[in-house]
Amino acid sequence: MRLAHLLRDAGHPVALPYCAACRASVPTLTYSAADGRRCNRCGTPKGSCDWCGKARTISRPTADGRLCGTCAGHRREPRDRCSRCSQIRPVRRRTADGSPLCSAPACAPPPRSRGLAPTCSACGKRTRCPPNASSGQQLCWTCRPRPTEICASCGRQRKVSVRWPLGPVCEGCRVRVLRNATHCARCVRVLPCIGRAPDGRQLCGPCVGVPEIFACKKCGTTGQNYDASICNTCASRNSWCTAASSGW
């Protein structure tokens, strides 16, 4: 069959084989039937799924019967009767006493919906809210009062996110510098360079008098930290561990 297609593409007058069901001429006619060869779409066995009852393509026969692809994937997940909605569904997590909770949002919501993040004093949203130095309130990045100045990194008129030894820096440049650690021109260590030498070379924090190296206290990865001087990966791991220990 593939040879026939190659000869036809080369300009030879060759009759191409076709599917006995849909009459489509395809390079691969995998399945064999009583009326001839069939393509993958027509030759795949179809029928009623023994689990959902819908007429779909049968993935493979299992111990539970003839299952479609969706039901065969769900059967690989552990299923039990949810202790809240009493439905038999895939188990998402378990409570402190071991009772199963299904994947429905009402039964096992994600940890963020349980209020692990602080609440902004201005807009009321639960997100990262560093305390404001002037008022002491916890304000998110959107509600924080920030003056507009020339960014020392990109040179554009932007709202000031942080003030480093090189000058005021906007939010976009702050994230870019922290995520892209480079070699310091003085100590040759790979750290976020927040300073600048008189000749324009980039300098890290310790070389310009700032002891912070923006490294995670748990894994030691340098870059943008999420909260409490830990990276996003460690912060997410702590959130899920806290949720699991509280029974969610």
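Within the range 121-136, the only residue that satisfies the criterion of being surrounded by 13 or more Cβ atoms within 10 Å (Cβ to Cβ), more than 23 Å from Ser236 (Cβ to Cβ) and either at pLDDT below 75 or in the same structural domain as Pro211 (by TED's automatic domain parsing) (or both) is Asn132.
Of all residues in the range 172-211, those that are of a type in the set (Gly, Ala, Ser) and within 28 Å of the chain's Cα centre (by Cα) total 2. Identification of strands (runs of 3 or more DSSP E) wholly contained in the range 132-205 with 1 or more residues that are of a type in the set (Gly, Ala, Ser) yields 157-164, 167-170. Within the range 173-197, the only residue that satisfies the criterion of being among the charged types (D, E, K, R) and in contact with a Gly (Cβ under 7 Å, 6 or more places away or on another chain) is Arg179. Taking the residues in the range 210-235 that are exposed (fewer than 15 other Cβ atoms within 10 Å of the Cβ) and part of a helix (DSSP H, G or I) as candidates, determine which candidate is modelled with the lowest pLDDT. Among those residues, the one meeting the criterion is Asn232.
The values are calculated or read from the model by the stated rules, or taken from the named source; none is laboratory data. Keep in mind it's a predicted model, so treat the numbers as computed, not measured. Please note: Cβ atoms are built from the backbone with ideal geometry, for glycine as well, and neighbour counts cover all protein chains shown.
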